[in-house]
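The values are calculated or read from the model by the stated rules, or taken from the named source; none is laboratory data. None of these values were measured; they are calculated from a predicted model. So basically every Cβ, Gly included, is an ideal-geometry build from the backbone, and we count neighbours across all protein chains shown.
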Amino acid sequence: MSIQSGKFFLIIFIIVLISPVLTSFAIFFVDSSPVLQYEIIESYPHDTAAFTQGLILNEDFLYEGTGLYGESSIRKVELETGKVLQQYNLPDKFFGEGITIFNNRIYQLTWKKQTGFIYDLETFRLLDVFIYSHEGWGITHNGEYLIISDGTSVLRFIDPLKLKEVKQINVSDSDTPVDRLNELEYINGYIYANIWQTDIIAIIDPETGKVNSWLDLSGILKDVKTNEKIDVLNGIAFDSERGHLLITGKLWPKIFRIKISEN
Ligand SMILES: [Ca+2]
């Protein structure tokens, strides 16, 4: 190695050491699957007190699960106005996590209590409780199984009636495990998962666990006035009629309607 290239590698080494942003960028995008482009189509108001943990669009209404102890809820929200039309608050000891709608029921995870809740979609009446043996983070479904993340690189497929795990996949890109998988959305045969503490979404092949492509939404809030409490991206919903994603985050003032560009 020449002195020049030695210096070069030393500089790179120092940059990677001192910069968490660059480190995560390096982990995600060096020698990895392609990064997709997107455009913002529209934005809507979002409750800045909603610590978003799960987001779904169902028949033109948003359903949102929120977290934090004493502030966790499920909500039905009018997309255009952000108005909360219906809300159920969890008991204070539960930290709400992801939600999904399957067979006219809302499934909700909680973080560390290994307890999930099943509600009637119309009334929000609690119908059932289920227990699991790991942390609960994000949840979606593929029409057959619930799919659950737990903060690692593992996604678990759960029978929605027996509420038993039927299989797992390990998510990776170029043989590197992709962990911190959080909020999920199953879209056109792929699992979209945002990576906790980033504004990056992995688009995952549900058969192999391989990341097919990435969506980097860093900077999506750049033109929005935010307060210091704002937290990370953590809401992915899909508008199947228009083919758009709806994106928000914990305590974000906006929900963004975005379109992934055809490259
Ligand atoms: Ca979702």
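Things to note:
- Those residues of region 81-94 which are in contact with a strand residue (DSSP E or B) (Cβ under 6 Å, 6 or more places away or on another chain) and surrounded by fewer than 13 Cβ atoms within 10 Å (Cβ to Cβ), in sequence order: LEU85
- Among the candidates GLU64, GLU97, GLU122, the residue that is surrounded by fewer than 19 Cβ atoms within 10 Å (Cβ to Cβ) and not β-branched (Val, Ile, Thr) is uniquely GLU122.
- GLN168 falls short on exactly one of the conditions (1) surrounded by fewer than 16 Cβ atoms within 10 Å (Cβ to Cβ); (2) within 16 Å of the ligand (Cβ to nearest atom), and that condition is (2).
- Scanning region 90-100 for residues that are of a type outside the set (A, V, I, L, M, F, W, C) and not in a loop (DSSP other than H, G, I, E, B) returns GLY96, GLU97, GLY98, THR100.
- Meets criteria (within 16 Å of the ligand (Cβ to nearest atom), among the aromatic types (Phe, Trp, Tyr) and either outside the structural domain of ARG125 (by TED's automatic domain parsing) or out of contact with any Lys or Arg (no Cβ under 8 Å at 6 or more places or on another chain) (or both)) for TYR63: no
- Taken over region 116-126, the criterion of being of a type outside the set (A, V, I, L, M, F, W, C) and more than 14 Å from SER72 (Cα to Cα) is satisfied by TYR119, ASP120, GLU122, THR123, ARG125.
- Of residues in region 202-217 being within 16 Å of the ligand (Cβ to nearest atom) and part of a loop (DSSP other than H, G, I, E, B), the one surrounded by the most Cβ atoms within 10 Å (Cβ to Cβ): LEU217
- Candidate set from region 218-257 (those that are aliphatic (A, V, I, L, M) and surrounded by fewer than 21 Cβ atoms within 10 Å (Cβ to Cβ)); member that is nearest to the ligand (Cβ to nearest atom): VAL232
- Of all residues in region 172-192 being within 16 Å of the ligand (Cβ to nearest atom) and either in contact with a His (Cβ under 8 Å, 6 or more places away or on another chain) or β-branched (Val, Ile, Thr) (or both), the one that is farthest from HIS134 (Cα to Cα): ILE187
- Of everything in region 125-165 that is over 26 Å from LEU68 (Cα atoms) and surrounded by fewer than 16 Cβ atoms within 10 Å (Cβ to Cβ), the residue that is nearest to the ligand (Cβ to nearest atom) is ASN142.
- Of all residues in region 161-183, those being under 17 Å from SER33 (Cβ atoms) and in a strand (DSSP E or B) number 7.
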